[in-house]
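One structure is given below, encoded as structure tokens.
The values are calculated or read from the model by the stated rules, or taken from the named source; none is laboratory data. All of these numbers come straight from a predicted model, not from anything done at the bench. Virtual Cβ from ideal backbone geometry, glycine too; neighbours counted across all protein chains shown. Surface areas here come from the heavy atoms of the whole protein model, side chains and all, with no ligands, DNA or RNA. Shrake-Rupley method; radii C 1.70, N 1.55, O 1.52, S 1.80 Å.
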Amino acid sequence: MRKKTISFELQVFETMDELGPEDKKLLQSAIEARKNAYAPYSKFNVGAAVLLQNDVVVIGNNQENASYPSGLCAERVAVFQAGAKYPGIAIKSIAITAMSENHMVDSPAAPCGNCRQAISEYEFRQKEPISILMMGEKGEVIKCNSLSDILPLGFNNTYL
Ligand code: THU
């Protein structure tokens, strides 16, 4: 038996004003996108903005459903739309932000496990890392350099 440690580095910014211009603009797009979330059940509004290699930004927000599992998270709405509209164009980064109508979300909202898996398909295909920016409604912004950092030991098509 041998032991192995998996670790990764992330960047923490006190507020979004500390971000570089490209990241700040992308996060602003995610905040805008969040406003159109359809989340009457959870009251938890999420916005996502995907920056493509061709500099196009594709947005998404969560779309809920009376049949709860039929809804979809903001991140998947955005990356699937990017894949549908710009097939083969690599994703540079994704910004995610969340707010609740019930309480202040003041720490970064990380993508759920299903969204991590969905995004990992794109990262694996393009063989270039996708950076992930995360923020609540206010406060700290976290940036990690690759989706695989937040999905260690991920499953991909080489296992099939
Ligand atoms: N949600 C997202 O949009 N992204 C995530 O990564 C986590 C959760 C949405 C799904 C649902 O509409 C609401 O937030 C509460 O779970």
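When the range 65-93 is filtered for residues that are open to solvent by less than 10 Å² (accessible area, probe 1.4 Å), under 12 Å from the mean Cα position of the chain (by Cα) and either away from the ligand (no atom under 11 Å from the Cβ) or among the polar types (S, T, N, Q) (or both), the ones remaining, listed by number, are VAL79, ILE91, SER93.
Taking residues in the range 116-132 that are small (Gly, Ala, Ser), and partners anywhere that are buried (at least 19 other Cβ atoms within 10 Å of the Cβ) and part of a loop (DSSP other than H, G, I, E, B), the pairs with Cβ atoms closer than 9 Å and at least 6 places apart or on different chains are ALA118/CYS73; ALA118/PRO111; SER120/ILE130.
Annotation note: of SER7, SER42, the sole residue that is of a type outside the set (A, V, I, L, M, F, W, C) and either touching a strand residue (DSSP E or B) at 6+ places or on another chain (Cβ under 7 Å) or within 15 Å of the ligand (Cβ to nearest atom) (or both) is SER42.
Report whether or not GLU137 is crowded, with 16+ Cβ neighbours inside 10 Å, at pLDDT 95 or above and acidic (Asp, Glu). So GLU137 passes the test.
Taking the numbered list (1) hydrophobic (A, V, I, L, M, F, W, C); (2) within 12 Å of the ligand (Cβ to nearest atom); (3) open to solvent by less than 10 Å² (accessible area, probe 1.4 Å) in turn, ALA49 passes all entries but (2).
Just one of the listed residues (ALA78, ALA109, ALA95) is within 20 Å of ILE142 (Cα to Cα) and modelled with pLDDT under 95, namely ALA109.
Could you tell me whether GLU123 is open to solvent by 40 Å² or more (accessible area, probe 1.4 Å) and of a type outside the set (A, V, I, L, M, F, W, C)? In short, no. For the range 57-64, the criterion of being within 22 Å of SER148 (Cα to Cα) and surrounded by 24 or more Cβ atoms within 10 Å (Cβ to Cβ) is met by at least one residue.
Screening MET99 with (1) open to solvent by less than 60 Å² (accessible area, probe 1.4 Å); (2) over 27 Å from LYS127 (Cβ atoms); (3) away from the ligand (no atom under 14 Å from the Cβ) gives one miss only, at (3).
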